[in-house]
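Quick notes on the structure that follows.
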Amino acid sequence: MKEFDKAGEYFFQAIDLVNITGDLFLKADLLKSFGNLFIQKGDYHRAIQILSESLSIAEELQIKYPKNLIHRFLAEA
């Protein structure tokens, strides 16, 4: 559980940094992976929230990747 918490902290830091740069593609990709972390932890509600945000960004950008993986992770959650 400690490792999951540490990984979560790293994701928060990375997302904060990407918010500064404004790179929406990278933010969608980070959120996709962050949502997958919550799937691994078994926190499906939080995973769906994060993955939905990531999907919203990917749809706004009209990109196939990471949208394909986001859908896969949403199906898992």
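The values are calculated or read from the model by the stated rules, or taken from the named source; none is laboratory data. Treat the numbers as computed from the prediction; the structure is a model and nothing was measured. For neighbour counting, all protein chains shown are included, and Cβ atoms are generated from backbone atoms with ideal geometry for every residue, glycine included. Only protein heavy atoms, including side chains, enter the accessible area calculation; ligands, DNA and RNA are left aside. Shrake-Rupley method; radii C 1.70, N 1.55, O 1.52, S 1.80 Å.
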I want to confirm something. Restricting to segment 52-77 and keeping residues that are hydrophobic (A, V, I, L, M, F, W, C) and closer than 19 Å to Leu17 by Cα, which single residue is most open to solvent (accessible area, probe 1.4 Å)? Ile57
If I ask for residues that are free of Cβ contacts under 8 Å to residues at least 24 places away in the same chain and at negative phi, which ones from segment 40-54 would you list? Asp43, His45, Arg46, Gln49, Ile50, Ser52, Glu53
Being under 14 Å from Ala14 (Cβ atoms) and aliphatic (A, V, I, L, M) is the filter here, so list the residues in segment 31-60 that pass it. Leu31, Leu37, Ile50
Cβ-Cβ below 7 Å, separation at least six or inter-chain, first residue in segment 12-39 and within 16 Å of Ala58 (Cβ to Cβ), second not in a helix (DSSP H, G or I): which pairs? Phe25/Ile63; Ala28/Pro66; Asp29/Pro66; Lys32/Pro66
Selected residue (criterion: modelled with the lowest pLDDT) from residues of segment 1-27 that are of a type in the set (A, V, I, L, M) and open to solvent by 80 Å² or more (accessible area, probe 1.4 Å): Met1
Check segment 28-37 and report whether any residue there is open to solvent by 70 Å² or more (accessible area, probe 1.4 Å), charged (D, E, K, R) and assigned to a helix (DSSP H, G or I). no
